[in-house]
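This report concerns only the one structure given below.
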Amino acid sequence: MARARGAGAASAALVACLAASPGVLAQARTGAIRGRVDAGELGAAHAHRPAVVDRARPVAPTDERRRAVVYLETAPRGAFDDVGPRRARLDQRNEMFVPHVIAIQVGTTVDFPNNDRTYHNVFSLSRVKSFDLGRYAAGRSKSVTFDRPGIVRVFCDIHSHMNAWILVFAHPFFAVTDADGRFRIEGIPPGTYTVAIWNEAATAESRTVVVSAGSEADVGFTLGRKVP
Ligand SMILES: [Cu+2]
């Protein structure tokens, strides 16, 4: 169950901030959602499987495949400004895309630097953004700007085991879990929201969370295996 904490402290903080600068005031007017996504049965299943299935075909490490993206299903209207050009990075290292999962906002340009010793290619057949950057050598980089929200799966046509996920959101209220499954989404205007999680191998899940100004709502999820 999600619970909001420190609502009383929040209103006191808001009063104290009334004479403060607009930036501080804006911060006091928003809240945060934090918590943890437990690997659940997915973690247990992965624990019995080696991180590298085949030396010739390394897959993303277990920790990377457990990463989840936590996001607000519907964003508060007019609650965020366009902060201009954004940039993110998806590396190619040791025949892997690193990180395995990134989450970005619409309009973000992602750089795909080849930091490996071999040639790589980057392509996607997704409906959200279909592209093919061709094959390029170590030390070179190419980029793609993502202009529509949705899920983009990325591959390399030379190494069929290489893949990564890019989740593109129309708003800034999302977070990728850290190695311990923890996440935090800040700057959320007070209100009631549906918070959802995505993981490549898990079923989609969501919770209703109430966000109060100046406080943090705590929410927990457990990854459940997707039925093939
Ligand atoms: Cu490759």
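When Rg and Dmax are taken over the Cα atoms of the range 81-170, they come to 12.4, 41 Å.
Asn115 sits among other residues whose Cβ lies under 12 Å from its own Cβ, and their net charge, with Lys and Arg +1 and Asp and Glu -1, is 0. Give the residue from Leu223, Ile166, Tyr136 lying farthest towards the positive end of the charge dipole for the range 126-228; charges sit on Cβ (+1 for Lys and Arg, -1 for Asp and Glu) and the dipole is referred to the Cα centre. After comparing all options, I get Tyr136.
In terms of other Cβ atoms within 10 Å, Lys129, Lys142, Lys226 run from fewest to most in the order Lys226, Lys142, Lys129.
The ranking of Ile104, Ile151 by Cβ neighbour count inside 10 Å, starting from the fewest, reads Ile151, Ile104.
In order along the range 147-155, the phi-based Karplus estimate (6.51 cos²θ - 1.76 cosθ + 1.60, θ = phi - 60°) of 3J(HN,Hα) comes to 10, 9, x, x, 10, 10, 9, 10, 9 Hz; Gly and Pro are listed as x.
Working note: Karplus 6.51/-1.76/1.60 with θ = phi - 60° gives the range 216-222 the couplings 10, 8, 9, 9, x, 10, 10 Hz, where Gly and Pro are set to x.
Read-outs: derived from the displayed coordinates by stated rules, not from any lab. Everything numeric here is computed off the predicted structure, so don't read it as measured data. All Cβ positions, even for glycine, are placed from backbone atoms using ideal geometry, and neighbour counts span all protein chains on display.
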